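J.: Take a look at the following structure, please.
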Amino acid sequence: MTDWYYEENGTQRGPVAEADLASMFANRFLPPEARVWSAALGSQWKPASQTQFKDSFTLSPPPLPVPREAQASVMSAPPLLSRLGAASGVKTIYAELLAYSPLAMLAVDVIAKAAGANPNAPTFSNATSVCLSIVALILCIADVKALNRNGLNPNKQRIVPFVLLTPVGYFWRRAAVARAGWAYLWIWLGCMVVLFIAEVAFIIDM
């Protein structure tokens, strides 16, 4: 049996059996750069990473098996998005676009005014409202489909028709069904305030 010596904090330690020293490296009691020596190395100390102990650093135990109880709890747990729904606000690009949709109306009015049109004219205003209402309906349908795909509306409760009560009704129903939080409702209300202020400014400027 070969005896080995090793360096620890600049101090020579040993002798120890090769198997014991390999175990010390495998359990990270010694770093790979620790120098070791045995009679086979002659007069030269070498870093353990340059000897047969290099294989000890790559060894790692296999993962522990998951107890059956833990497997059952993982399998029965709802999807991550569902469990974190209330905290994360259940974000989808469609809900975000709907929340910021008043800014789209403002952008249309700004472009119309820059082109010399009157954004407050009944014909123009009604056409814009109809177009944006259709877009809002499409966004709501896409948003509900995303919620359904992620298991946030397991009973397939109706949400889309509530957009007829304006996005306030839709976001209220969405929050109640999917426990999705009120963030989008507050964003939409904030954007509506911005739109209202801009519309008043357009009227004063006319």
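The values are calculated or read from the model by the stated rules, or taken from the named source; none is laboratory data. Quick caveat: nothing in here was measured; it's all calculated off a predicted structure. Quick reminder, even Gly has a Cβ in these numbers, built from the backbone with ideal geometry, and neighbours come from all protein chains shown.
J.: Just for segment 163-174: of the residues that are modelled with pLDDT of 85 or more and hydrophobic (A, V, I, L, M, F, W, C), which one is farthest from SER101 (Cα to Cα)? Don't jump to the end; show me each part of the working.
T.: First, the residues of segment 163-174 that are modelled with pLDDT of 85 or more: 167-174.
Those left that are additionally hydrophobic (A, V, I, L, M, F, W, C): 168, 171-172.
On the way: VAL168: 12, PHE171: 13, TRP172: 17 Å.
Of everything passing the filter in segment 163-174, TRP172 is farthest from SER101 (Cα to Cα).
J.: Would you check if GLY190 is assigned to a helix (DSSP H, G or I), under 31 Å from the mean Cα position of the chain (by Cα) and either assigned by TED's automatic domain parsing to the domain that holds VAL135 or surrounded by 19 or more Cβ atoms within 10 Å (Cβ to Cβ) (or both)?
T.: Numbers: assigned to a helix (DSSP H, G or I): yes; under 31 Å from the mean Cα position of the chain (by Cα): yes; either assigned by TED's automatic domain parsing to the domain that holds VAL135 or surrounded by 19 or more Cβ atoms within 10 Å (Cβ to Cβ) (or both): yes.
For GLY190, the condition - assigned to a helix (DSSP H, G or I), under 31 Å from the mean Cα position of the chain (by Cα) and either assigned by TED's automatic domain parsing to the domain that holds VAL135 or surrounded by 19 or more Cβ atoms within 10 Å (Cβ to Cβ) (or both) - is met.
J.: Further question on the same structure: Within segment 140-158, does at least one residue satisfy the condition of being over 30 Å from the mean Cα position of the chain (by Cα) and assigned by TED's automatic domain parsing to the domain that holds PRO102? Before the answer, list the steps.
T.: If we filter segment 140-158 for residues that are over 30 Å from the mean Cα position of the chain (by Cα), which is where we start, we get none.
The answer is no, given that none of the residues of segment 140-158 is over 30 Å from the mean Cα position of the chain (by Cα) and assigned by TED's automatic domain parsing to the domain that holds PRO102.
J.: Now a separate question. Among the residues of segment 174-184, is there at least one that is touching a helix residue (DSSP H, G or I) at 6+ places or on another chain (Cβ under 6 Å), of a type in the set (D, E, K, R) and surrounded by 12 or more Cβ atoms within 10 Å (Cβ to Cβ)?
T.: Within segment 174-184, one or more residues are touching a helix residue (DSSP H, G or I) at 6+ places or on another chain (Cβ under 6 Å), of a type in the set (D, E, K, R) and surrounded by 12 or more Cβ atoms within 10 Å (Cβ to Cβ).
J.: Checking the conditions here, which among LEU81, LEU106 is closer than 30 Å to ASN150 by Cα, part of a helix (DSSP H, G or I) and either at pLDDT 85 or above or not hydroxyl-bearing (Ser, Thr, Tyr) (or both)?
T.: On the way: LEU106 fails: closer than 30 Å to ASN150 by Cα.
Just a single option satisfies the conditions, and that option is LEU81.
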